[in-house]
Structures are given as C-alpha cells and as structure tokens.
1. Looking at (1) in a helix (DSSP H, G or I); (2) of a type outside the set (Ser, Thr, Tyr); (3) over 28 Å from LEU196 (Cα atoms), can you tell me which one PRO55 breaks?
2. Looking at (1) farther than 25 Å from HIS75 by Cα; (2) in contact with a strand residue (DSSP E or B) (Cβ under 7 Å, 6 or more places away or on another chain); (3) among the aromatic types (Phe, Trp, Tyr), which is the one condition that is false for PHE181?
3. Output the residues belonging to region 62-79 that are out of contact with any strand residue (DSSP E or B) (no Cβ under 9 Å at 6 or more places or on another chain) and either of a type outside the set (D, E, K, R) or surrounded by 18 or more Cβ atoms within 10 Å (Cβ to Cβ) (or both).
4. Filtering region 39-68 down to residues that are modelled with pLDDT under 95, of a type in the set (Gly, Ala, Ser) and within 30 Å of ARG102 (Cβ to Cβ), which residue is nearest to the chain's Cα centre (by Cα)?
5. Among the residues of region 151-182, write down those that are touching an Asp or Glu at 6+ places or on another chain (Cβ under 8 Å) and either of a type in the set (Val, Ile, Thr) or within 22 Å of ASP65 (Cβ to Cβ) (or both).
Amino acid sequence: MAVLSHPLSGHRRLVLLLATAGGIVLVLAAVVTLAVTLTFSSFATSVRPAGIFLPTEEDGLIVSDTALSVDDDSHPALARLDPAFLDALRAAQAAAEADGIRFDITSGWRSVDLQRQLLADAVHTYGSEEVARQYVATPDASSHVTGQAVDIGTLDAQLWIIEHGRAWGLCQTYANERWHFERATEPGDECPEPKLDARG
C-alpha cells in the first residue's frame, strides 16, 4: 500500500529552503558591505591587537632571506645611513670586488620602533634583558638607529672588512658580533679594540 505524503510537507520544505538561502544571502551581503566600507589598512588596524608593532621596510626592515648591496639606495636601511659612512662602505666594496667579495647587508639604519622590537624579541629569546642587551642595544644607544652601523651577512665579507676595513675607517665594534661594522676610526688608522658586546 502506497503512503501518501501530506501536500503541505513539500511546501514546508520549500519554505525552509528559501529561508535558509535568504539567511545565507543576508550574511554574504553584510560581509560584502563591510569589506567595501573599510579600507584594507583600517580593517587591518581594527583587527590587529593593540600594542603589536609590525615593522616594514620604512622602519629599515630587511627581509631575513634577502640582503642588500651597498648600491640599494631605494631601501631606507641604506638610504638613511650616514652619508660619510655609506661612502666608506662603497669605497671598501669597490676594493673588495677585486678579491671577489660582495658586501651583503642584512641590517643598516633602523627606526627606534624596530630597534625596540628587536630588543623585546631578544629579551624573549634569552629570557632576560641583561643577556639580551649583550646582543641588541637599546634604541638610544644603537648605532643602527643613528645610521652609523651595518651588519654584513657572509663570513668572507666579514673577514675581509675585519682585515682591510680600517683603510676606510670601518671596524668591527663588538667582539661578540663579527658581522657588525661601524666607522670607528680615521681612514688608515688602527681600529680600536672591539667592545665586549652591545652594552658598550
């Protein structure tokens, strides 16, 4: 014997289906309206937790898998270096090229905010500010913030500058950071003994 369905059951299904579809359309319309009315930056600001600093190239950030050459004038990490220091780096680079050496700059000028963030990251990594300050100077003491320092990435370039850099006044200034160089003497003079660490 065949079971007859109630004529309203099909109608109920249709109403339920239309109500569900209408709800989905309303949610999508709200999302589209929100996306259209907020610019990306204001949206990012509204969802980013307060107090989070996200460094950019404008802060001197050099992406970790990218290094700059001494001629990358468009990047703030180089463009905001002290001009005499940058000239010394370029002259030293020209001489190093004869030995097949390229200076790959992994850090140069940094904003106060970037330096502060690097110090906070080091405190987190090392567990105390005392240990962190051996490797990262405070913003008010950092030669990177004043545009007076660069970090060089490759060992052969670091060793070349340690051996020959004094001809341009370039010196390793921290004993625990073979990669950190500043203009610390007059061209041709001896480099001063490196300080023990970033604490000075």
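The values are calculated or read from the model by the stated rules, or taken from the named source; none is laboratory data. In this text the structure is predicted, and so the values were computed from the model without any measurement. Every residue, glycine as well, gets a Cβ built from its backbone with ideal geometry; the counts of neighbours run over all protein chains shown.
1. (1)
2. Unmet for PHE181, out of (1) farther than 25 Å from HIS75 by Cα; (2) in contact with a strand residue (DSSP E or B) (Cβ under 7 Å, 6 or more places away or on another chain); (3) among the aromatic types (Phe, Trp, Tyr): (1).
3. If we filter region 62-79 for residues that are out of contact with any strand residue (DSSP E or B) (no Cβ under 9 Å at 6 or more places or on another chain), which is where we start, we get 63, 65, 71, 73-74, 76, 79.
Within region 62-79, VAL63, SER74, PRO76, ALA79 meet the criteria.
4. My answer is SER64.
5. Within region 151-182, the subset touching an Asp or Glu at 6+ places or on another chain (Cβ under 8 Å) is 151-154, 157, 160, 166, 169-171, 173-177, 179-181.
Across region 151-182, the qualifying residues are ASP151, ILE152, GLY153, THR154, ALA157, THR173, GLU177, TRP179, HIS180, PHE181.
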